[in-house]
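Following: one structure in structure tokens, then a few remarks.
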Amino acid sequence: MITLSYPLAGILCLLAAFGITFFWPIGPSRRNHLASEMVLIVLFAAAGGFIYASGWLPESVSWLAAMGIGLIAGIAAVVFRDVRRFFNYFRNQAYKYTHPYYWYGRAGRAMFGGAGRSRRRR
């Protein structure tokens, strides 16, 4: 039977989580990323648990705190991926259906240009 030590499992989980966070390709659709984001949170929480079990953390830290820190790191990684996805795919784009008389239509034209465009389509 093959056994895997806790420190090695923690490091592997951490490396996999960092790999998904920083190097995994990001597409424009949100629904395609739900599984990878759930895996990301689980990997960070598991890394915290394995690192706690290996004895690398002080004894004053409980296993719940180690898993909580991993959970918070996983949520931060998901937010980082979402911000990265926003800047890659949705920056400087206007929504398709905006009404020119609503406040967000005027604010969008003021912030992103479009003063030369006609307000109405004919």
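Out of (1) surrounded by fewer than 12 Cβ atoms within 10 Å (Cβ to Cβ); (2) in contact (Cβ under 8 Å) with a residue 40 or more places away in the chain, what's the single condition that is false for S54?
(1) is the only condition that S54 fails.
Identify all residues within the stretch 16-35 that are farther than 17 Å from A66 by Cα and assigned to a helix (DSSP H, G or I); write none if there are none.
Within the stretch 16-35, A16, F18, G19, I20, T21, F22, R31, N32, H33, L34, A35 qualify.
So which residues in the stretch 47-80 are under 13 Å from G10 (Cβ atoms) and outside any helix (DSSP H, G or I), if there are any at all?
Result: G55, W56, L57.
Can you tell me how many residues within the stretch 1-10 are part of a helix (DSSP H, G or I) and without any contact (Cβ under 8 Å) to a residue 40 or more places away in the chain?
1
Bear in mind these aren't lab numbers, they're just calculated from the coordinates by the rules spelled out. This is a predicted model, so every value here is computed, not measured. Heads up, the Cβs are rebuilt from the backbone with ideal geometry, glycines too, and the neighbour counts pull from every protein chain shown.
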